[in-house]
1. If you check B:L155, B:L179, B:L131, which single one turns out to be under 20 Å from B:P213 (Cβ atoms), of a type in the set (A, V, I, L, M) and crowded, with 18+ Cβ neighbours inside 10 Å?
2. When the residues of segment A:106-124 are filtered to those that are touching a helix residue (DSSP H, G or I) at 6+ places or on another chain (Cβ under 6 Å) and surrounded by fewer than 17 Cβ atoms within 10 Å (Cβ to Cβ), which remaining residue is nearest to the other protein chains (Cβ to nearest Cβ)?
3. Kindly check whether there is at least one residue in segment A:59-75 that is surrounded by 15 or more Cβ atoms within 10 Å (Cβ to Cβ) and in contact with a Ser or Thr (Cβ under 7 Å, 6 or more places away or on another chain).
4. Is segment B:179-198 home to any residue that is farther than 21 Å from A:R203 by Cβ, outside the structural domain of B:F58 (by TED's automatic domain parsing), of a type in the set (K, R) and out of contact with any strand residue (DSSP E or B) (no Cβ under 6 Å at 6 or more places or on another chain)?
5. Right, A:A184: surrounded by fewer than 20 Cβ atoms within 10 Å (Cβ to Cβ) and among the hydrophobic types (A, V, I, L, M, F, W, C) or not?
6. Tell me the residue from A:L95, A:L44, A:L89 that is more than 17 Å from the chain's Cα centre (by Cα), closer than 26 Å to B:N90 by Cα and touching a residue at least 60 places away in the same chain (Cβ under 8 Å), please.
7. One residue is enough: does segment A:138-145 have a residue meeting the conditions within 14 Å of chain B (Cβ to nearest Cβ) and assigned to a loop (DSSP other than H, G, I, E, B)?
8. Mind listing just one residue for me: the one in segment A:178-197 that is under 23 Å from B:S41 (Cα atoms) and free of Cβ contacts under 8 Å to residues at least 40 places away in the same chain and, of those, farthest from the other protein chains (Cβ to nearest Cβ)?
2 protein chains.
Amino acid sequence: MIASTNLQSIGFIFDLDGTLVDSAYQHALAWQRALQCEGMSLPLWRIHRQVGMSGGLFTELLLRQLKREVTADQLERLQQSHAQAYEQLNGTVRLLPGARELLKHLIDSKIPWAIATSGRLATARHDLAMLAVPERAVITRDDVTRAKPDPDVLLVAAARLDLSVNSAIVVGDSIWDMLAARRAGMLGVGMLSGGYGQDELERAGAARVYEDPGDLLQRLYELGLRF
Amino acid sequence: MIASTNLQSIGFIFDLDGTLVDSAYQHALAWQRALQCEGMSLPLWRIHRQVGMSGGLFTELLLRQLKREVTADQLERLQQSHAQAYEQLNGTVRLLPGARELLKHLIDSKIPWAIATSGRLATARHDLAMLAVPERAVITRDDVTRAKPDPDVLLVAAARLDLSVNSAIVVGDSIWDMLAARRAGMLGVGMLSGGYGQDELERAGAARVYEDPGDLLQRLYELGLRF
């Protein structure tokens, strides 16, 4: 007989930008401005598809697309200009529909959750304030050596929630979230709210794809949660 | 025997935003700001997926998503605020890679082409100037009763180029371009450069999907063009 105490041991690890907060497009524009400051130019759709990926891997993209090396100094400047440009744009950033309600529902139902982002805490603070989430529920780039698609932020999040990897559901809008989930041995669930297509997320391993946090809240039962 | 004069009668009808010019994301943000001015809020990914659709149909989306009617006055104000917000953002707009080279190649090869957009000429002028395209090569919302996904702009473009519908190739980044192409009886070709996923474009009827104008230029032969 299966121990019934294990039945409901399930928890959520959410991505932030494009998953709970409607900020993926502003991040793309902010990266474009940062690149323009360094005399580099990349189309927005390419930048958009890299949001949520670690900064080190992002420079790999630059290298391949622009056929130029990026020095450590330039990378540091890029990250600073991006943070500044994002701060100028984040006045238009809103929560995604149902984000607050979803987290409240999980708290009320005693289902553990955390937020794990490839961004830095300083950049995420504005968005976390909108969500009214305590900083201890958030794992950022500052807590690990490697950001997504490496599994590190997810593994730290699961440890903090006292969840085994096969009890953790990773919810994110980008293929980096889905790849990191697979590498961590966790179930990946996609969100269209970051602007990727459903097929891109499914091909990257999403077990299911929802429109936004509100849609996920309505259909939590599909993930096997009983209330 | 097939008349050899018909062999090379092929021509291109291009969409503008997201297809030749990297402006789809700025249009999405401009619509979001316009909506916020009217006290309405829609996530950017939903707006993004509607860019390139006629304004009248866009209000249909608002009605369904926000569950509220949009009056003719509000629609007019929305379109004006969108144009203003886009003007503020278009300093960051660039040509997509290969856009100018593609058009130059078609001119040099005497292959007819035109641009057909759901936007208004006043909004498109900045982007057309970057492309250095004469206004007579451009069919806009001002020239027809119904914008995409109705086929009107495409049919006017084909008539102006003296092309039959089955000689015209429609190149666009959105599903509205692909739907309009099908309704016009023309071949639709997708571009990833507007930010849609490849699968979304293929499901909407794209016969092929290219990354951007430069990628199309490199592989024009795949569309049956002989030089």
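The values are calculated or read from the model by the stated rules, or taken from the named source; none is laboratory data. Here the structure is a predicted model, which is why all the values come from computation and not from measurement. Positions of Cβ are backbone-derived with ideal geometry, glycine not excepted, and every protein chain shown enters the neighbour counts.
1. Details: B:L155 fails: under 20 Å from B:P213 (Cβ atoms); B:L179 fails: under 20 Å from B:P213 (Cβ atoms).
Exactly one of B:L155, B:L179, B:L131 is under 20 Å from B:P213 (Cβ atoms), of a type in the set (A, V, I, L, M) and crowded, with 18+ Cβ neighbours inside 10 Å, namely B:L131.
2. A:R120
3. Yes, segment A:59-75 has at least one match.
4. Among the residues of segment B:179-198, at least one is farther than 21 Å from A:R203 by Cβ, outside the structural domain of B:F58 (by TED's automatic domain parsing), of a type in the set (K, R) and out of contact with any strand residue (DSSP E or B) (no Cβ under 6 Å at 6 or more places or on another chain), which makes the answer yes.
5. Numbers: surrounded by fewer than 20 Cβ atoms within 10 Å (Cβ to Cβ): no; among the hydrophobic types (A, V, I, L, M, F, W, C): yes.
Against the criterion (surrounded by fewer than 20 Cβ atoms within 10 Å (Cβ to Cβ) and among the hydrophobic types (A, V, I, L, M, F, W, C)), A:A184 does not qualify.
6. Result of the check over A:L95, A:L44, A:L89: A:L89.
7. Kept after step one, since they are within 14 Å of chain B (Cβ to nearest Cβ), are these residues of segment A:138-145: none.
Within segment A:138-145 (the criterion being within 14 Å of chain B (Cβ to nearest Cβ) and assigned to a loop (DSSP other than H, G, I, E, B)), the answer is no, since none of the residues qualifies.
8. Step by step, filter segment A:178-197, then rank; the result is A:G190.
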